[in-house]
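Structure, as structure tokens:
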Amino acid sequence: MRTVHTLAELRAQVTSWRQSGEPIAFVPTMGNLHRGHIHLVERARERAPRAVASIFVNPLQFGPHEDYAGYPQTLGEDSRQLETAGLDLLFAPNVAAVYPRPLEEMTQVMVPGLTTVLCGASRPLHFGGVTTVVTKLFNMVQPDVAMFGEKDWQQLIVIRRMTADLNLPVEIVGAPTVREADGLAMSSRNGYLSAEQRAIAPTLYVTLQATAERWRTGERDYVTLENAAKTRLAAVGFRPDYFEIRHADTLQRPTPEDTTADLRIFAAAWLGRARLIDNLAVATFQERSVN
Ligand code: PAF
């Protein structure tokens with residue numbers, strides 16, 4: 001595996017692969033990798049002869065009081081995992097390589113609508129930062145296909161919308177959430193949990209499953225279902241941010257008649273300093289997840 005830090009080095013390698021007709025699959029990350037990321041790299045290798053990943057903690061997608069400054073930087077260990085997974089090229093730029101001018105002067109990419117609900121309601125700057133950096137990374141890496149985890153479902157559909165709206169020639173592939181044995185979705189922020197909080201954390205997924213089960217048995221009073229879930233989470237020590245049933249593709253709220261629609265339950269809740277998010281397909285109930 002080769003590691004490059006500058007756009008010039010990246011471009012030279014990517015250009016040579018493109019000239020020899022080798023498609024490129026791309027996995028953008030912020031590092032501090034876990035098995036979910038490695039699964040994305042493995043999927044990338046199945047999709048194209050060349051696999052590229054990036055590690056870049058993107059300042060533009062963090063709000064002023066969020067965890068940008070303390071976000072774990074583990075490049076050495078991340079590199080070892082990526083090499084073992086068979087990655088061809090790691091792009092690890094610094095902030096100046098991605099944003100050569102002050103952030104507030106940089107051109108930004110915004111996706112309206114989808115980004116104002118769920119995580120976008122509580123993190124108003126977040127998705128603008130994500131879509132801006134992903135657009136830039138796509139232009140830098142020039143991939144044919146890019147992989148994103150379904151744990152960040154809203155991010156996945158926002159990036160799909162952006163890619164379609166901007167006619168970017170990149171196929172967006174979603175990969176199932178990778179879970180710990182007790183159901184907790186893998187996340188770089190799980191490392192913020194104390195032992196006591198880690199024991200409580202799987203309740204988020206258990207509550208998603210319980211709500212899906214109530215939906216399957218015919219309950220259609222969405223507000224009652226959501227409030228019951230938030231009460232259950234609060235009772236074990238979470239501070240719920242949102243727990244909402246929405247259409248999977250449009251993120252619109254369903255009506256009670258939407259029985260066959262492709263609905264999903266979305267949850268975000270604080271446990272200590274960790275803000276955990278997760279989601280589950282309600283109609284199919286058994287999610288395609290990977291342990
Ligand atoms: O999902 C992430 O890790 C980030 O939001 C991404 C897509 C790498 C953009 O910084």
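None of the figures in this text is laboratory data; all of them are computed from the coordinates on show. All figures in this text were calculated on a predicted structure; none of them were measured in a lab. Here the Cβ is made from the backbone with ideal geometry for all residues, glycine too, and neighbour counts use every protein chain on show.
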- Message: Helix-only estimate, please: 222 nm mean residue ellipticity of the chain, summing -39500 (n - 2.57) across DSSP H runs of length 4 or more and dividing by its residues, to the nearest 500.
- Response: -11000 deg cm²/dmol
- Mean separation of Cα contacts under 8 Å (6+ apart) over length of the stretch 1-157, as relative contact order %: 35 percent
- So what is the relative contact order of the stretch 201-246, in percent, for Cα pairs below 8 Å that sit 6 or more residues apart? 36 percent
- Note on the structure: Toy charge model, Lys and Arg Cβ at +1, Asp and Glu Cβ at -1: the chain dipole around Cα centroid in debye, rounded to 20, equals 180 debye
- Query: Can you list the equivalent-ellipsoid semi-axes of the chain, largest first and in whole Å, using the square root of 5 times each Cα gyration tensor eigenvalue?
  - Reply: 33, 20, 19
- Give the relative contact order (percent, whole number) for the stretch 79-180; include only Cα pairs under 8 Å separated by 6+ residues. 23 percent
- Task: Would you please name the GluC sites (Glu not before Pro) within the stretch 78-108 that are DSSP coil residues with at most 16 other C-beta atoms within 10 Å of their C-beta?
- Result: none
- Message: I'd like the orientation of helix 35-47 relative to the chain: the angle between its Cα long axis and the longest Cα principal axis, in ° from 0 to 90, rounded to 10.
- Response: 60 degrees
- Message: With angles folded into 0 to 90 degrees, how steeply does helix 203-216 sit against the dominant principal axis of the chain? Use alpha carbons for both and round to 10.
- Response: 60 degrees
- Query: If you put +1 on each Lys and Arg Cβ and -1 on each Asp and Glu Cβ, how big is the dipole of the stretch 1-160 around its Cα centre, in Debye rounded to 20?
  - Reply: 280 debye
- Would you look at the GNM of the chain, springs on alpha carbons closer than 10 Å, and say which of Gly129, Gly76, Gly120 moves the most? Gly76
- Peptides 59-67, 167-175, 266-274 ordered by average Cβ neighbours within 10 Å, highest first: 266-274, 167-175, 59-67
- Message: Along the charge dipole of the stretch 229-284, pointing to its positive end and built from +1/-1 on Cβ of Lys, Arg, Asp and Glu, which listed residue (His247, Leu271, Val282) has its Cα farthest out?
- Response: Leu271
